[in-house]
Amino acid sequence: MKLIVANWKSNPSTHAEAIRLAKEIDWKGVVIVPPFIYLEAISDVLKNASLGAQDVSPNDVGPHTGEIAPRQLIDLKVEYVIVGHSERRKAGETDEEIQKELVATLNAGLKAVLCVGESAEVRKNGFEAAKKFVKEQLESVFSGLSQSLKVMSYELYVAYEPIWAIGTGTTDTPESAAEMASFIKQLMVNSYKLSVNVLYGGSLNASNAKSFLSRSEIGGALVGGASLRSDEFKKIVETTQ
Ligand code: PEP
C-alpha cells in the first residue's frame, strides 16, 4: 500500500478547523501531519489514519526551550516524523542537525520521512546535477549514521521533493520522479545497506496524482496544499486503491 502523507505546515488557523479536517481525511494509508499544537486533539479523534510531526528535537526531554522531544511525540501516539523538510532547511536547519534529528527519531522507534530535493538553480544544470545534489544530501545525513543508531530495525522513507515544485503548481515529470526514486533506492542499498521507500512531493493534486502514484518506483506522496482540501485529497488517496 502506498503511503500518503498530509503535511499541513502552519495550517489551519483554528483548532476547530483542524479537528474537522482530520475527521474528513481519516483514512487508512494516510499520515496526518498537523502543527504540533493540534497533535493531541487530532490523536484523540483518529480511527484509521496515522499521526505525524513536522519536526522533532534531536534532544531528549530536558532544558531545551521551544523543542519537542521524540518521546513526547510517542506519548501522543505520533508514529511518523518529517525530517529535514526544505522549509525547515530554509529556516536554518543544517545537515548536521538533520542527521541528529533522524537518529533521535529512529532511536525512539518513530518512523522517519527524510526530505531531499534540489533547488531550481541546481536543476537548471540538468537532471544529472539534481541527482548529484540529492546524493550529496543523502551522504551528509547517512555517512557515519550507523554508528549512532541503537536500534536494529527502523522504518525509513525518503521524500524526493524538488524545491522548485513545492507549492508552485509545477511538478517534476513522473518519469524524472520515478528515475530519481530508483536512483535513491539503489544508492541507499549499495552505500548504506538500507532499504527505503521513496515518496514524491511537490504540487501533487487530484489531476496529476495518478501519473506519479501509478509508478512502481514511487512508494507514495508527501502532499502539502492539496491535503487541506478533503475533496481534492480524497481523489489523491483514491488513486492508490
Ligand atoms: C510539501 O511542502 O511537502 C509539499 C509537497 O507541498 P505542496 O504539495 O503544496 O507542493
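Within region 5-96, which helices (runs of 4 or more DSSP H) (wholly inside it) include 3 or more residues that are away from the ligand (no atom under 16 Å from the Cβ) and modelled with pLDDT of 95 or more?
Those helices (runs of 4 or more DSSP H) span 15-24, 39-45, 70-75.
Mind checking which residues of region 145-173 are farther than 15 Å from Cys115 by Cα, in contact with a strand residue (DSSP E or B) (Cβ under 8 Å, 6 or more places away or on another chain) and either open to solvent by 70 Å² or more (accessible area, probe 1.4 Å) or of a type in the set (Gly, Ala, Ser) (or both)?
Passing the criteria: only Tyr154.
Filter region 104-121 down to the residues that are assigned to a helix (DSSP H, G or I), open to solvent by 30 Å² or more (accessible area, probe 1.4 Å) and at pLDDT 95 or above, then identify the one that is nearest to Gly29 (Cα to Cα).
Ala120
Across region 122-162, which residue is nearest to Val31 (Cα to Cα) among those that are in a loop (DSSP other than H, G, I, E, B) and among the polar types (S, T, N, Q)?
Selected residue: Ser153.
For Lys234, indicate whether it is charged (D, E, K, R), touching a residue at least 60 places away in the same chain (Cβ under 8 Å) and open to solvent by 50 Å² or more (accessible area, probe 1.4 Å).
Yes: the conditions hold for Lys234.
Yes or no, residue by residue, for (1) touching a strand residue (DSSP E or B) at 6+ places or on another chain (Cβ under 7 Å); (2) buried (at least 16 other Cβ atoms within 10 Å of the Cβ):
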| position | (1), (2) |
| --- | --- |
| Phe36 | yes, no |
| Asn48 | no, no |
| Pro58 | no, yes |
| Gly66 | no, no |
| Gln72 | no, yes |
| Leu102 | yes, yes |
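Do we have Ala181 as in contact with an Asp or Glu (Cβ under 6 Å, 6 or more places away or on another chain), more than 18 Å from Phe133 (Cβ to Cβ), crowded, with 19+ Cβ neighbours inside 10 Å and free of Cβ contacts under 8 Å to residues at least 40 places away in the same chain here?
So Ala181 does not fit the description; no.
Only one of (1) touching a residue at least 60 places away in the same chain (Cβ under 8 Å); (2) open to solvent by 10 Å² or more (accessible area, probe 1.4 Å); (3) closer than 15 Å to Lys9 by Cα; (4) not aliphatic (A, V, I, L, M) fails for Ser227. Which number is that?
Going through (1) touching a residue at least 60 places away in the same chain (Cβ under 8 Å); (2) open to solvent by 10 Å² or more (accessible area, probe 1.4 Å); (3) closer than 15 Å to Lys9 by Cα; (4) not aliphatic (A, V, I, L, M) one by one, Ser227 breaks only (2).
Being among the small types (Gly, Ala, Ser) and within 24 Å of Glu87 (Cα to Cα) is the filter here, so list the residues in region 1-48 that pass it.
Those that are among the small types (Gly, Ala, Ser) and within 24 Å of Glu87 (Cα to Cα): Ala6, Ser10, Ser13, Ala18, Ala22.
Quickly run through region 217-241 and pick out the residues that are under 24 Å from Lys111 (Cα atoms), part of a helix (DSSP H, G or I) and within 12 Å of the ligand (Cβ to nearest atom).
Gly225, Ala226, Ser227, Leu228, Phe233, Ile236
Pick from region 185-216 the residues that are part of a helix (DSSP H, G or I) and away from the ligand (no atom under 16 Å from the Cβ): which of them is least open to solvent (accessible area, probe 1.4 Å)?
Among those that are part of a helix (DSSP H, G or I) and away from the ligand (no atom under 16 Å from the Cβ), it is Met188.
List every residue pair whose Cβ atoms lie under 7 Å apart, where the two residues are 6 or more positions apart in sequence or sit on different chains, the first residue falls within region 192-212 and is over 17 Å from Lys2 (Cα atoms), and the second residue, located anywhere, is more than 11 Å from the ligand (Cβ to nearest atom) and open to solvent by less than 20 Å² (accessible area, probe 1.4 Å).
Cβ pairs passing all conditions: Tyr192/Phe142; Leu194/Leu156; Leu194/Met188.
The values are calculated or read from the model by the stated rules, or taken from the named source; none is laboratory data. The model shown is predicted, which means the values in this text are computed figures rather than measured ones. Cβ: placed from backbone, ideal geometry, glycine included. Neighbour counts: every protein chain shown. Calculation scope for accessible area: heavy atoms of the full protein, side chains included, ligands and nucleic acids excluded. Shrake-Rupley method; radii C 1.70, N 1.55, O 1.52, S 1.80 Å.
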